[in-house]
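Enquirer: Below you'll find the structure I mean.
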Amino acid sequence: QVQLVESGGGLAQPGGSLRLSCVASGSIFGLYGMGWHRQAPGKQRELVATISNTGIANYADSVKGRFTISRDNAKNMVVLQMNSLKPEDTAVYYCNADILGFGMRRLDYWGQGTQVTVSS
């Protein structure tokens, strides 16, 4: 079994920063694309940022220049550094990963989410 666990969410002031981390654990034979999505109240889940296994990143237009996604394959970890936070960044943030796991099945896994609240 494979699990993704997010951490680092919380409360930040506008203009502040938060660092979200996601660690994959379990029977992992390969880590491929990883990323972050978010879901604000009353809205559908939307892509925030993704990073390929070769380090190619892309971002939603709303976070370009403010957020940075990175990964540490040795730790089975993906990180989202969020700077210059805005109230509209408030959402539950979900980690996802494309993983070759137990049984040699390549599946898309999701974490439980971590709340990010930006307010003064």
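Enquirer: If you rank Asp108, Asp89, Asp98, Asp61 by how much accessible surface each has, with a 1.4 Å probe, what is the order from largest down?
Expert: Ranked list, largest accessible area first: Asp61, Asp108, Asp98, Asp89.
Enquirer: Below 13 angstrom from the Cβ of Leu100, what's the summed charge of the other residues (Lys, Arg +1; Asp, Glu -1)?
Expert: Here the count lands on 0.
Enquirer: Which length gain, in nm to one decimal place, applies between Asn83 and Leu100 when the Cα-Cα distance is subtracted from 0.36 nm times their residue separation?
Expert: Result: 2.9 nm gained on full extension.
Enquirer: Whole-Hz ³J(HN,Hα) for each residue in the range 8-15, computed from phi via Karplus 6.51 cos²θ - 1.76 cosθ + 1.60 with θ = phi - 60°, x for glycine and proline: what do you get?
Expert: x, x, x, 9, 9, 7, x, x
Enquirer: Just check the chain against the gyration tensor rule for me: Cα atoms, a ≥ b ≥ c as the square roots of the eigenvalues, rounded for a/c under 1.5, and otherwise prolate or oblate depending on whether a/b exceeds b/c.
Expert: In terms of gyration-tensor shape, prolate.
Enquirer: While we're on this one: Leaving out ligands, DNA and RNA, what percent of the accessible area of the chain is carbon and sulfur, probe 1.4 Å?
Expert: 49 percent
Enquirer: Heavy atoms only, probe 1.4 angstrom, no DNA, RNA or ligands counted: give me Ile56, Ile51 ranked by accessible area, highest first.
Expert: Largest to smallest exposure gives the sequence Ile56, Ile51.
Enquirer: Another one. Heavy atoms only, 1.4 Å probe, whole protein assembly: order Thr90, Thr54 by accessible area, highest first.
Expert: Ranked from most to least accessible, the order is Thr54, Thr90.
Enquirer: About its Cα centre, what dipole magnitude does the chain give when the only charges are +1 on Lys and Arg Cβ and -1 on Asp and Glu Cβ, stated in debye to the nearest 20?
Expert: In debye, rounded to 20, the chain gives about 60.
Enquirer: Setting aside same-chain residues fewer than 8 positions from Lys86, which lysines have a Cα under 25 Å from its Cα?
Expert: Output for Lys86: Lys43, Lys64.
Enquirer: Next up: Restricting attention to the range 1-94, which trypsin sites (Lys or Arg not before Pro) occupy a DSSP loop and are surrounded by at most 11 other Cβ atoms within 10 Å?
Expert: Sparse-neighbourhood loop trypsin sites (Lys or Arg not before Pro): Lys43, Lys64.
Enquirer: Give, in nm to one decimal, the length gained when the segment between Ser25 and Asn73 is fully stretched (0.36 nm per residue of separation minus the Cα-Cα distance).
Expert: Full extension from Ser25 to Asn73 adds 16.1 nm.
Enquirer: When the Karplus curve 6.51 cos²θ - 1.76 cosθ + 1.60 is applied with θ = phi - 60°, which whole-Hz ³J(HN,Hα) does each residue of the range 62-72 get, with x for Gly and Pro?
Expert: In residue order, the calculated couplings are 5, 10, 4, x, 10, 10, 9, 9, 8, 9, 10 Hz.
Enquirer: Leaving out ligands and nucleic acids, and using a 1.4 Å probe, what accessible area per residue does the range 4-74 come to in Å²?
Expert: The answer is 54 Å² per residue.
The values are calculated or read from the model by the stated rules, or taken from the named source; none is laboratory data. Just so it is clear, the structure is predicted and the values come from calculations on it, not from any experiment. Because the Cβ atoms are built from the backbone with ideal geometry, glycine has one as well, and the counts that use them run over all protein chains shown. These accessible areas exclude ligands, DNA and RNA; they are computed on the full protein's heavy atoms, side chains included. Shrake-Rupley method; radii C 1.70, N 1.55, O 1.52, S 1.80 Å.
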